Amino acid sequence: MKTMRAAWYEKLGNAKDVITVGEVDLPEVGSGEVRVKVHASGINPSDVKQRSGWGGLKMRYPRVIPHNDGAGVIDAVGEGVSPERIGERVWIYEATLSRPFGTAAEYVVVSSENAVFLPDNTEFAAGACLGVPAMTAHYSVFTDGAVTGQTVLVTGGAGAVGNYAIQLAKWGGARVITTVSSDQKAEIARKAGADYIINYKTEDVTSRIKEITGKEGIDRVVDVDFASNLETNLAVLKRNGAIATYASDSNTQPEIPFYSLVYKNLKVHYVLVYVMPKAAHQAAAKDITHCLESGVLNHVIAQQFTLEEIAAAHEIVESGRAMGNVVINIV
């Protein structure tokens, strides 16, 4: 049996205590699947939360090769998949959603539709950043339809999701306001194309948004911390507006001011990329790839590591200090 280099864990815990790097069997390709020679593997907060057992998460399989996102080249296809896909550059999403072996390895097997064409103008490290952050951003921005002519607030515009949300909202024709916590993060948001940048550490966010919008308010929010930002969001949203929120780490069980939401007839979308409808995944993949081909999307990669440094890479993601995506270079 042929083998490959990979990282894995067999119990939950601290990265340095549970992750092993070594040789494992090369995965076989099944019907409707492709095997990808991985060039880069992206690490997301959900990957490190799963490995650490955050919030009571359990081991789903006896052995797990982590990471859902990645990029590489298809080297084998299963029954029902066109052989013409062999040699195709692809970006990968949800590699470990329904199986134990993800992209922190020299090869990964995924469903053919989870390996999306990666244009030649996009490096593999950038392709490894797309699955969770860019798809989350796409759904958060467009789940209520087009944003042309609307004003969208993106909280945490220097984060992986927020950065893509700014770019996709601008691509969709919106005016974008974003919040950050430092000058360095403001520069990241500026490069993403934000029209207005508010430092929530030094400025009154509600007052600034009312000033920017002439007291009219905003149409939608793409939100990084539901509990922390809810009071401000309620103050600045127009009637019939919407919040799309993908995290609430400051308080995982926030109180909901029901009538404050009702009086403005607001929608709240709780966004988890792994359970998005299939049509939403397909729409996101189509638009993201189109933006890549058009040179619209920029990618913020905070740090890159080797496979042998994977424990340190996990620690950086867990610390929350990374401004952008963290990537493992496999090739």
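The values are calculated or read from the model by the stated rules, or taken from the named source; none is laboratory data. Note that this is a predicted model, so its numbers are computed, not measured. Cβ placement follows ideal geometry from the backbone for every residue including glycine, while neighbour counts extend to all protein chains displayed. Side chains are part of the model used for accessible areas, which takes the heavy atoms of the whole protein and leaves out ligands, DNA and RNA. Shrake-Rupley method; radii C 1.70, N 1.55, O 1.52, S 1.80 Å.
What part of the accessible area of the chain, given as a whole %, is carbon or sulfur when the probe is 1.4 angstrom? Please list the in-between numbers first.
Values: 7160 of 14820 Å².
In the chain, the share of accessible area belonging to carbon and sulfur is 48 percent.
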Helix-only estimate, please: 222 nm mean residue ellipticity of the chain, summing -39500 (n - 2.57) across DSSP H runs of length 4 or more and dividing by its residues, to the nearest 500.
-8000 deg cm²/dmol
Under a plain spin-label model, where a point goes 7 Å from the Cα along Cα-to-Cβ, how far apart in nm are Lys37 and Ser181?
4.2 nm
Please work out the C-alpha center-to-center distance from region 102-125 to region 4-72 and express it in whole Å.
15 Å
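Only sites in a loop by DSSP and with at most 12 other Cβ atoms within 10 Å count here; which GluC sites (Glu not before Pro) in region 1-52 make the cut?
Details: sites: Glu10, Glu23, Glu28, Glu33; in loops: Glu10, Glu28.
Of the GluC sites (Glu not before Pro), the ones in loops of region 1-52 whose Cβ has at most 12 other Cβ atoms within 10 Å are Glu10, Glu28.
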Of all C-alpha pairs within the chain, those more than 30 angstrom apart amount in percent to 35 percent
How far, in degrees from 0 to 90, does helix 278-293 lean away from the longest principal axis of the Cα atoms of the chain, to the nearest 10?
90 degrees
Expected field for Thr202, accessible surface area in Å² at 1.4 Å probe radius, rounded to 10, holds 110 Å²
Roughly how many Å² of Met1 are accessible to a 1.4 Å probe, to the nearest 10?
150 Å²
At 7 Å along Cα-to-Cβ for each site, give me the label-to-label distance between Glu309 and Thr206 in nm.
4.5 nm
Given a Förster distance of 51 Å, report the FRET efficiency between Glu84 and Thr252 from their Cβ-Cβ distance, rounded to the nearest 0.05.
0.65
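Determine the shape class of region 1-143: with a ≥ b ≥ c the square roots of the Cα gyration tensor eigenvalues, call it rounded for a/c under 1.5, and otherwise prolate if a/b is greater than b/c, oblate otherwise.
Details: a/c = 1.81, a/b = 1.20, b/c = 1.50.
The shape class here is oblate.
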Relative to the first principal axis of the alpha-carbon coordinates of the chain, what is the inclination of helix 310-319, with its axis defined by its Cα atoms, in degrees from 0 to 90 and to the nearest 10?
10 degrees
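If you rank Glu94, Glu318, Glu231 by how much accessible surface each has, with a 1.4 Å probe, what is the order from largest down? If you can, show how the numbers build up before the last one.
Numbers: Glu94 30, Glu318 90, Glu231 155 Å².
Reading off the accessible areas and sorting them downward yields Glu231, Glu318, Glu94.
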With Asn329 itself left out, Lys, Arg at +1 and Asp, Glu at -1 over residues whose Cβ is under 14 Å from its Cβ give -3
Extension gain Thr20-Arg190, at 0.36 nm per residue separation less the Cα-Cα distance, in nm?
57.3 nm
Under 13 Å, Cβ to Cβ, from Gly55 - net charge with Lys/Arg +1 and Asp/Glu -1:
+2
Across region 130-258, qualifying lysine pairs (alpha carbons under 23 Å, at least 8 places apart or different chains) come out at 12
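How charged is the neighbourhood of Asn44? Take every other residue with its Cβ under 14 Å from the Cβ of Asn44, and add Lys/Arg as +1 and Asp/Glu as -1. Each step should come with its number before you reach the end.
Details: positive: Lys49, Arg51; negative: Asp47, Asp69, Glu94, Asp249, Glu318.
Here the count lands on -3.
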The chain: relative contact order as a whole-number percent, Cα under 8 Å and 6+ apart:
18 percent
Once both labels are modelled 7 Å past Cα along the beta-carbon direction, what's the Tyr274-Asp75 spacing in nm?
2.8 nm
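Report the antiparallel proportion of the DSSP beta bridges in the chain as a percent, rounded to a multiple of 5. Display every interim value, and only then the final one.
Details: 32 of 59 bridges.
In the chain, DSSP labels about 55 percent of beta bridges as antiparallel.
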